[in-house]
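Reading through the structure tokens given below for one structure.
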Amino acid sequence: MNIARMRIPVFVSCPSVLNAKQEARAEIIHGLAKKYGLEWRGLGRSDYPNRLPLREVLRMIRHCSGGIILGFEQYHVTSAVYRRGCGRGRRQLINKPLAFPTPWNHLEAGILFNQGLPILIFVEKGISGGVFDPGITDVYVHKMPSPTMSPKDRGDLDMVFQNWEAEVRRHYYHEWLPPDTDRNIIGHAECSSE
């Protein structure tokens, strides 16, 4: 009998529509999730809501043991006014291209953070602000992987993923324990001299 192995669910904040280059980068992360026995759960990719999307995100995250935020460009503007209407000295004209991720990245990252889940954040070049700014969360913001990465960079990415995956497994296997269980002894055999 061929029975598929159970995978630990992780919530992935990723736009449902990506260009070919972005899709190839997301596929690297998806491949690592599969390699380590994790199940990619994401609104518009694995799950489709029959309720309001935010309610569905909350429901999904409650059943996950970790989260990945993929900050891909979704908006591109060539010029903008920063702090429009705030008066002289505060208003700033921006005449260079700017890229923005989906606002759902920030919302979903906040929910994951609030739930105390291990988070892994990747960001495409040119994206900044919110969860993608260093020091905003206690999570390191990683450069988005590329299909043309060197073998050394692939090894480094694999190590980052292994470390995060260990936290996900710790959350998954400890979450079901009764409140009075000493979580430090789980997995260690008790020895008796009798």
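Where a number appears in this text, it was derived from the coordinates with a stated rule and is not lab data. Please read all numbers here as calculations on a predicted model, not as lab measurements. Counting neighbours? That spans all protein chains shown, and the Cβs are built from the backbone with ideal geometry, glycine included.
I'd like the residue in segment 4-35 that is among the β-branched types (V, I, T) and in contact with a Gly (Cβ under 6 Å, 6 or more places away or on another chain) and, out of all such residues, is surrounded by the most Cβ atoms within 10 Å (Cβ to Cβ). It comes out as V10. Return the residue satisfying two criteria in turn: it lies in segment 72-104 and is surrounded by 12 or more Cβ atoms within 10 Å (Cβ to Cβ) and among the hydrophobic types (A, V, I, L, M, F, W, C), and of such residues it is nearest to A26 (Cα to Cα). Here the answer is F72. Of everything in segment 110-136 that is free of Cβ contacts under 8 Å to residues at least 40 places away in the same chain and farther than 20 Å from M60 by Cβ, the residue that is surrounded by the fewest Cβ atoms within 10 Å (Cβ to Cβ) is G135. On the given criteria, is L107 in a strand (DSSP E or B) and either surrounded by fewer than 19 Cβ atoms within 10 Å (Cβ to Cβ) or in contact with a helix residue (DSSP H, G or I) (Cβ under 6 Å, 6 or more places away or on another chain) (or both)? Here the answer is no, as L107 does not meet what is asked.
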